[in-house]
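Input: a single structure, listed below in structure tokens.
Throughout, read-outs are computed from the coordinates displayed, never taken from laboratory work. Values in this document were obtained by computation on a predicted structure and should not be read as measured data. As a convention, Cβ positions derive from the backbone with ideal geometry for all residues, glycine included, and neighbour counts pool all protein chains shown.
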Amino acid sequence: MNDDKHILKTIRVYLPDEDATSALAAQLAPMLCGERPAAPPGGRIHLRGDLGAGKTSFTRAFLRAAGIRGRIKSPSYTLLESYNLSNLYFYHLDFYRFSNSNEWVDAGFRDILQENAIVLIEWPEQAGKLLPPPDLDIHLEYADAGRQASLTAHSNKGLLWLTTLVLPPQASRPQEPHDVD
Ligand SMILES: Nc1ncnc2c1ncn2[C@@H]1O[C@H](COP(=O)(O)OP(=O)(O)OP(=O)(O)O)[C@@H](O)[C@H]1O
Ligand SMILES: [Mg+2]
């Protein structure tokens, strides 16, 4: 029996600007690449949030930090952009345009969900229930001038990443002032 699906831990971090989004991505990249902590490479991240929330920004910074050079295109139209770096395979998907939730299966994307692939998916909710839960779900929400990120681990691997993350002090968004009696 696989207990992974019962794991659920959420960390919330306030990202005041794009640099903060990039810094978070740059911390996660070596973890999925198997560098730190030392572990076999591979993993899946779902990126959720409204249009312009920063899903592609996050992925670009992630791929750059992983060592990908050259142009990193948004897969908004192509659905999939893939990259290879020695033994590492990266897949950046965007399911925004899917109308039929099983379309990704028909498109042959199931093959990329292999154990050692590094997969980042924008708009995973468009892919329906056949898409397995990720190791880590990142939900980006507009908050003041920045973004509130909620990172939820859905597997032991995701949990390990969350516990390895070093968040800046004051990482949480300042609380709204509340009424004093
Ligand atoms: N933490 C942040 N605070 C403020 N702005 C940010 C932050 N992170 C990224 N941005 C900006 O927000 C925008 C995000 O655009 P991006 O294309 O990454 O969004 P997206 O979530 O991929 O949208 P879509 O759903 O259309 O694919 C960019 O202009 C980027 O500079
Ligand atoms: Mg995008």
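If only the Cβ of Lys and Arg carry +1 and only the Cβ of Asp and Glu carry -1, the dipole of the stretch 73-166 around its Cα centre is close to 100 debye. Under Stokes-Einstein, with the Kirkwood radius over Cα pairs as Rh, the value for the chain at 20 °C and 1.002 mPa s is 127 µm²/s. Loop-located GluC sites (Glu not before Pro) in the stretch 1-99 (DSSP state not H, G, I, E or B) with no more than 15 neighbouring Cβ atoms inside 10 Å: 35. Ranking 23, 58, 91 by how far each Cα lies toward the positive end of the dipole of the chain (charges on Cβ) leaves 91 at the top. The value given for the stretch 75-130 is a Kirkwood hydrodynamic radius of 11.6 Å, derived from the mean inverse Cα-Cα separation. The antiparallel fraction among DSSP beta bridges confined to the chain stands at about 60%. The charge dipole of the stretch 18-120, taken about the Cα centre with unit charges on the Cβ atoms of Lys, Arg (+1) and Asp, Glu (-1), comes to about 220 debye, rounded to the nearest 20. Each residue of the stretch 82-94 was assigned a 3J(HN,Hα) from its phi angle through the Karplus expression (A = 6.51, B = -1.76, C = 1.60, θ = phi - 60°), giving 10, 9, 9, 9, 6, 8, 9, 10, 10, 10, 10, 10, 9 Hz with x at Gly and Pro. Magnitude of the charge dipole for the chain, about its Cα centre and with charges confined to Cβ atoms of Lys, Arg (+1) and Asp, Glu (-1), is about 580 debye. Across the stretch 147-158, rounded Karplus estimates of 3J(HN,Hα) from the backbone phi angles (6.51 cos²θ - 1.76 cosθ + 1.60, θ = phi - 60°) give 9, 9, 9, 10, 10, 10, 7, 10, 8, 4, 4, x Hz, Gly and Pro being marked x. Restricting the trypsin sites (Lys or Arg not before Pro) of the stretch 32-93 to loop positions (DSSP other than H, G, I, E, B) with no more than 10 neighbouring Cβ atoms within 10 Å leaves 69, 71. Under the combined filter of DSSP loop state and at most 11 neighbouring Cβ atoms within 10 Å, the stretch 1-87 retains these chymotrypsin sites (Phe, Trp or Tyr not before Pro): 77.
Size descriptors for the stretch 121-168 (Cα atoms only): Rg and Dmax, in that order, 12.6, 36 Å. Across the chain, Cα pairs under 8 Å and at least six residues apart give a relative contact order of 33 percent.
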